[in-house]
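Asker: I'd like to ask you about the structure that follows.
The values are calculated or read from the model by the stated rules, or taken from the named source; none is laboratory data. Owing to the predicted nature of the structure, the values given are computational and were not obtained by experimental measurement. A quick note on method: Cβ atoms are made from the backbone with ideal geometry, for glycine too, and the neighbour counts reach across all protein chains shown.
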Number of protein chains: 4
Amino acid sequence: MKDNKVIITAALSGAGTFKQNNPSVPYSPEEFADEAEKSYKAGAAMVHIHARGDDGMATHDIGRIKETHDAIKERVPNLIVNLSSAVGPMATPEQRIAQIVEIKPEMASLNTNSMNYAVADRKSGSIMFEFIFTNTFAMLKEFGEAMRDSGVKPEIEIYDIGGLDNFLLINKQGIFTQPYNLNFVWGTAGGQAFRPGAFITMVNSLPENTVYTTCGIGRDQFPACMQSNILGGHIRVGLEDNTKMPNGELAKGSYEQVEWAANIVRSLGREPATPDEARKIMGLI
Amino acid sequence: MKDNKVIITAALSGAGTFKQNNPSVPYSPEEFADEAEKSYKAGAAMVHIHARGDDGMATHDIGRIKETHDAIKERVPNLIVNLSSAVGPMATPEQRIAQIVEIKPEMASLNTNSMNYAVADRKSGSIMFEFIFTNTFAMLKEFGEAMRDSGVKPEIEIYDIGGLDNFLLINKQGIFTQPYNLNFVWGTAGGQAFRPGAFITMVNSLPENTVYTTCGIGRDQFPACMQSNILGGHIRVGLEDNTKMPNGELAKGSYEQVEWAANIVRSLGREPATPDEARKIMGLI
Amino acid sequence: MKDNKVIITAALSGAGTFKQNNPSVPYSPEEFADEAEKSYKAGAAMVHIHARGDDGMATHDIGRIKETHDAIKERVPNLIVNLSSAVGPMATPEQRIAQIVEIKPEMASLNTNSMNYAVADRKSGSIMFEFIFTNTFAMLKEFGEAMRDSGVKPEIEIYDIGGLDNFLLINKQGIFTQPYNLNFVWGTAGGQAFRPGAFITMVNSLPENTVYTTCGIGRDQFPACMQSNILGGHIRVGLEDNTKMPNGELAKGSYEQVEWAANIVRSLGREPATPDEARKIMGLI
Amino acid sequence: MKDNKVIITAALSGAGTFKQNNPSVPYSPEEFADEAEKSYKAGAAMVHIHARGDDGMATHDIGRIKETHDAIKERVPNLIVNLSSAVGPMATPEQRIAQIVEIKPEMASLNTNSMNYAVADRKSGSIMFEFIFTNTFAMLKEFGEAMRDSGVKPEIEIYDIGGLDNFLLINKQGIFTQPYNLNFVWGTAGGQAFRPGAFITMVNSLPENTVYTTCGIGRDQFPACMQSNILGGHIRVGLEDNTKMPNGELAKGSYEQVEWAANIVRSLGREPATPDEARKIMGLI
């Protein structure tokens, strides 16, 4: 807990949440810019983006993604934009990395393990929809190299402790540069649920010079983010992960969860990092 | 640690170890019977089997698997035989479960998550070979139902904490009967490495009436099995997981690792379970 | 996390904080009543009390303690008053328990281990003042029996994991009735510092039907209370434990920390328990 | 687990075990020398000693302690002798440290917290005998300075996580020199019981350049020592801690438990350290 500044990321829109779930989920570049600006004003230093088509479906169209990226940068030039390299189950590995190489955002997500990825009913255990989210070792390496060569800092996504081990293994090849930036994701159907003991084990397993943030899906969002704040990590919130507030009401936007995060950060005597402070912490400058 | 009896399983031969690695890896039904008998005499209550062709390659040929299964049962009638439902990367889901339904072993493995599965060099981090080990939620459900309908008790294989969550989710559908039998697998390239803290977290997350054993790949084998003994779990050893003994020499056979396990079990004042004691513990009778 | 209600306790004044440290530390019965009322209005269901003389020194004078107790009950009749059985280093064991038996508060603290108790400089490691806080097994038993016979529900104070073991040992004698109410205290010089891993280990070691709260001394206060909220426990704050707010400023009173706690509780979608809800949870009715 | 050598210590005789408990408990210097020699031959690099009078009672008589110390050194000159600074409940602090300063053993125990110390019946929870084992912060400092000035390396005894915090606090005064040598003691009635989760938390809290060993009282002995072996620590066994073997029979002497420890050490591919290897690891040379 050396640093008093906590990076808050707003994940404005993933592949699985729609306006039907929460009308503030952005589809158009303009809507993304609106949500990004509100989140920035609430204390976010970074936004994480899955671009959408006008119909709301995840897209891997480079033009649309670039348009979305640029709309945000134009509106809030100083905000860090972190693009996803997981642009929907229909995208090929080539399509997933091509948009990153082309657009060259400051950061991009890099996934560490192949896994089941499902929409499930938590009560009955029934699976409404599933696919295999493919992230082979070869892809981890190739995406890592492509990002390095494009000057894009990877955010290493960890859905399970084994994902951390996959990163540690491939990292021996010398692809990644310090500081490493990891994101622990809790509560996807297919990945691990939030457990404080697992979180501690993971933090104790990190290599030197590693920065970590965390996000939780659905009901795991708020406790996982709170736990990260206690352990000395950073926080990611947003409608990609959860459409609601702790009281069960729909969030007015990702920004309302950013306000939640800023409140928690200040509750331990810390402050939300500005984008430039975040750049320094994550080694972007 | 209620029970003073510890079940030792010998995994005689997986899909990745060959006679080139250790000449005691069995290929023929006769060799399987030999290794099973030696393991039984050393204290094993169960053997876990991946049948092989004469060339040593993993096979999903039902005839060959049944011949292997039967050779063991003929030689050591009381031994529990646990067949793998992961019979090599070339087998389809249908082939994987068909052999189980046909042969109806007392137990069979049931995998809980899709994952990268690789042969890697631990020092350099380079990947020699990899494939996606496919175990969708749909398969977890279908395999579970098929085993239930065939009177085969599943051994739930957990390669990552998320695999435990996958089991807990699907279990809500009421497919599995208590006691649940889980195996925590540590150290595959693609799954999680052995960490005592993760082991404790997993044990603390188990539902009531759950029996667990553990195995570790390569260097993780001996410490993981020792940890299970401390926490009150059971132990799986064998050439599938590791070809060597702690001193670095090749194991004379899976049975030498069974002797190792029996020694560790007795070092905490417990005794290896007989097959009938194991049946009682795991709910096979 | 079965219950959506979280009990917030305000420890208005311990033996070690004075008006010099924070002018809102109460000395007189009237001041205690003022602080209790403010804390109640902010969301506290219980106050924990170390009475003081007019000079601010800890007192074991039964009259003064009763006067303090009664002033609070008169002002806020529904509030739960929890009296300390550790009334300063000068009190004999007999004096410590006599006031409890005489006044018969709804709850009283019951300490579980003898330990060093010091005022220390955290930076230099120098010890300004220390004494041995005596709580023998015999006292744990006798105090427990006296409270039982007087209809006072004990709050079992745990300063170290060993204190939990002491309670578990003496509890075998059948002195205590369920639900057990425990308070994990972090960060005294002489007890254990706050560590999330230790907290989890303790929670996993609790007997059935145990309710726990937590408090942290100085800098441990806010993260320990936040951790309890994540794990499903209750929260104690107050000037006894820490005179400041997270931003480093003096708390305006224990009530300001109660507001902090209520905010954290609501941040996970829960609500502060009313005194009557707290009575139900803790088995006081 | 950098080092392949594991230091086995034999604690030949504490203050609480007598010939009535196990006839191999040594009383006379000659008996201590006999037991030390057997332990050394079984793989011990160090013996930990509480000298006894001819009647078996703990003694703080310097002459007797020195005679005992010297008898061992004469018999096995290369063995490390570690004297206790806790020479029975009747000894004053001055008597406890005076014998260390006078005899100047290579190592001596240094206790970190005041605590209840009892003989208890684990089933009924009844306490047969107890006293407060006094180890104030002032004593921790003074004993540490006296050992430093006498060229005696302290073995820091940790009975509870709070004991570790006490050491960390006083260590800020710069009294102790690296490497620090800690012993985690589990299972005294008054200290913490063995829990793997607490062990891991403690190991994760150690400062740089710290060597640790562990011992467990009674039933905690064997699992705690096995856990230390997994985590990369060293092992202390001996009749001071437990009079029996895992099968419930009386140990033939501390040496039989040393044989147990050597077996466990080799079970993970390591070797018992020689005294000179132990000296190098613990910073005695």
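Asker: Within segment C:140-151, which residues are more than 8 Å from every other protein chain (Cβ to nearest Cβ) and either closer than 25 Å to D:Tyr159 by Cα or part of a strand (DSSP E or B) (or both)?
Answerer: Within segment C:140-151, C:Leu140, C:Glu142, C:Phe143, C:Gly144 qualify.
Asker: Can you name the residue in segment D:230-276 that is away from every other protein chain (no Cβ under 13 Å) and surrounded by fewer than 18 Cβ atoms within 10 Å (Cβ to Cβ) and, of all such residues, is farthest from D:Lys5 (Cα to Cα)?
Answerer: The extreme case among them is D:Leu250.
Asker: Now a separate question. Determine which single condition C:Phe129 fails, assuming it passes every other condition in (1) assigned to a strand (DSSP E or B); (2) in contact (Cβ under 8 Å) with a residue 40 or more places away in the chain.
Answerer: So the condition that C:Phe129 fails would be (2).
Asker: Restricting segment D:95-121 to residues that are out of contact with any Ser or Thr (no Cβ under 9 Å at 6 or more places or on another chain) and in contact (Cβ under 8 Å) with a residue 60 or more places away in the chain, which is surrounded by the fewest Cβ atoms within 10 Å (Cβ to Cβ)?
Answerer: Restricting to residues being out of contact with any Ser or Thr (no Cβ under 9 Å at 6 or more places or on another chain) and in contact (Cβ under 8 Å) with a residue 60 or more places away in the chain, the top hit is D:Val119.
Condition check ((1) modelled with pLDDT of 95 or more; (2) out of contact with any His (no Cβ under 8 Å at 6 or more places or on another chain); (3) over 19 Å from D:Gly88 (Cα atoms)) across all residues:
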position	(1), (2), (3)
D:Met1	no, yes, yes
D:Lys5	yes, yes, yes
D:Ile8	yes, no, yes
D:Ala11	yes, no, no
D:Ala36	yes, yes, yes
D:Lys41	yes, yes, yes
D:Gly63	yes, yes, no
D:Asp70	yes, yes, yes
D:Glu74	yes, yes, yes
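Asker: Could you tell me whether A:Lys38 is in contact (Cβ under 8 Å) with a residue 24 or more places away in the chain and farther than 22 Å from A:Asn263 by Cα?
Answerer: Considered against the rule, which asks whether it is in contact (Cβ under 8 Å) with a residue 24 or more places away in the chain and farther than 22 Å from A:Asn263 by Cα, A:Lys38 comes out as no.
Asker: Right, here's the next one. Restricting to segment C:214-229, name every residue that is within 23 Å of A:Phe194 (Cα to Cα) and either surrounded by fewer than 22 Cβ atoms within 10 Å (Cβ to Cβ) or within 12 Å of chain A (Cβ to nearest Cβ) (or both).
Answerer: Once the filter is applied, which keeps residues that are within 23 Å of A:Phe194 (Cα to Cα) and either surrounded by fewer than 22 Cβ atoms within 10 Å (Cβ to Cβ) or within 12 Å of chain A (Cβ to nearest Cβ) (or both), segment C:214-229 yields C:Phe222, C:Pro223, C:Ala224, C:Cys225, C:Met226, C:Gln227, C:Ser228, C:Asn229.
Asker: Mind telling me which of the residues A:Glu155, A:Glu142, A:Glu106 ends up being among the acidic types (Asp, Glu), closer than 22 Å to A:Met202 by Cβ and out of contact with any Phe, Trp or Tyr (no Cβ under 9 Å at 6 or more places or on another chain)?
Answerer: Every option except A:Glu155 fails the conditions.
Asker: Could you list, in sequence order, all residues of segment C:31-60 that are closer than 30 Å to A:Phe222 by Cα, out of contact with any strand residue (DSSP E or B) (no Cβ under 7 Å at 6 or more places or on another chain) and buried (at least 17 other Cβ atoms within 10 Å of the Cβ)?
Answerer: C:Lys38, C:Tyr40, C:Ala42
Asker: Please go through segment D:163-203 and pick out each residue that is of a type in the set (S, T, N, Q) and more than 7 Å from chain C (Cβ to nearest Cβ).
Answerer: D:Thr177, D:Gln178, D:Asn181, D:Asn183, D:Thr188
Asker: Quick check on segment D:152-160. Is at least one of its residues at the interface with chain C (Cβ under 10 Å from one of its Cβ atoms), modelled with pLDDT of 95 or more and part of a helix (DSSP H, G or I)?
Answerer: no
Asker: Right, next: Where residues in segment C:1-30 are surrounded by 21 or more Cβ atoms within 10 Å (Cβ to Cβ), over 12 Å from the mean Cα position of the chain (by Cα) and among the polar types (S, T, N, Q), which of them is farthest from C:Gly253 (Cα to Cα)?
Answerer: Going through the qualifying residues, I end up with C:Thr17.
Asker: Still on this model: Please tell me if A:Leu206 is aliphatic (A, V, I, L, M), within 14 Å of chain B (Cβ to nearest Cβ) and within 14 Å of A:Ile264 (Cα to Cα).
Answerer: So A:Leu206 does not fit the description; no.
Asker: Look through D:Thr136, D:Thr92 and report the one residue that is of a type outside the set (Phe, Trp, Tyr) and either crowded, with 23+ Cβ neighbours inside 10 Å or facing chain C (nearest Cβ under 10 Å) (or both).
Answerer: D:Thr136
Asker: A follow-up question, please. Considering only segment C:68-88, I want to know if a residue exists there that is within 14 Å of chain D (Cβ to nearest Cβ) and either surrounded by fewer than 18 Cβ atoms within 10 Å (Cβ to Cβ) or β-branched (Val, Ile, Thr) (or both).
Answerer: Within segment C:68-88, none of the residues are within 14 Å of chain D (Cβ to nearest Cβ) and either surrounded by fewer than 18 Cβ atoms within 10 Å (Cβ to Cβ) or β-branched (Val, Ile, Thr) (or both).
Asker: Condition check: modelled with pLDDT of 95 or more and over 23 Å from D:Ile200 (Cα atoms). Does A:Ile217 satisfy that?
Answerer: Criteria met by A:Ile217.
Asker: Also, quick follow-up: Quick check on my filter: what residues within segment C:106-122 are in a loop (DSSP other than H, G, I, E, B) and either touching a Pro at 6+ places or on another chain (Cβ under 7 Å) or more than 7 Å from chain D (Cβ to nearest Cβ) (or both)?
Answerer: C:Glu106, C:Thr112, C:Asp121, C:Arg122
Asker: Within segment A:62-80, can you find the residues that are touching a residue at least 12 places away in the same chain (Cβ under 8 Å), out of contact with any Phe, Trp or Tyr (no Cβ under 6 Å at 6 or more places or on another chain) and either basic (Lys, Arg) or under 17 Å from A:Ala15 (Cα atoms) (or both)?
Answerer: A:Ile62, A:Arg64, A:Ile65, A:Lys66, A:His69, A:Arg75, listed by residue number.
Asker: Please specify each residue of segment D:122-132 satisfying the condition of being over 23 Å from the mean Cα position of the chain (by Cα), surrounded by fewer than 21 Cβ atoms within 10 Å (Cβ to Cβ) and under 17 Å from C:Leu164 (Cα atoms).
Answerer: D:Lys123, D:Ser124, D:Gly125, D:Ser126 - these are the residues of segment D:122-132 that are over 23 Å from the mean Cα position of the chain (by Cα), surrounded by fewer than 21 Cβ atoms within 10 Å (Cβ to Cβ) and under 17 Å from C:Leu164 (Cα atoms).
Asker: Here are some residues: D:Glu277, D:Glu249. Which one is free of Cβ contacts under 8 Å to residues at least 24 places away in the same chain and not aliphatic (A, V, I, L, M)?
Answerer: Matching residue, one of D:Glu277, D:Glu249: D:Glu249.
Asker: Need the failing condition index for D:Pro89 against (1) at pLDDT 95 or above; (2) not acidic (Asp, Glu); (3) not in a helix (DSSP H, G or I), just the number.
Answerer: (1)
Asker: Now a separate question. Restricting the search to segment D:264-274, which residues are of a type outside the set (Asp, Glu) and touching a helix residue (DSSP H, G or I) at 6+ places or on another chain (Cβ under 8 Å)?
Answerer: Matches in segment D:264-274: D:Ile264, D:Val265, D:Ser267, D:Leu268, D:Gly269, D:Arg270, D:Pro272, D:Ala273.
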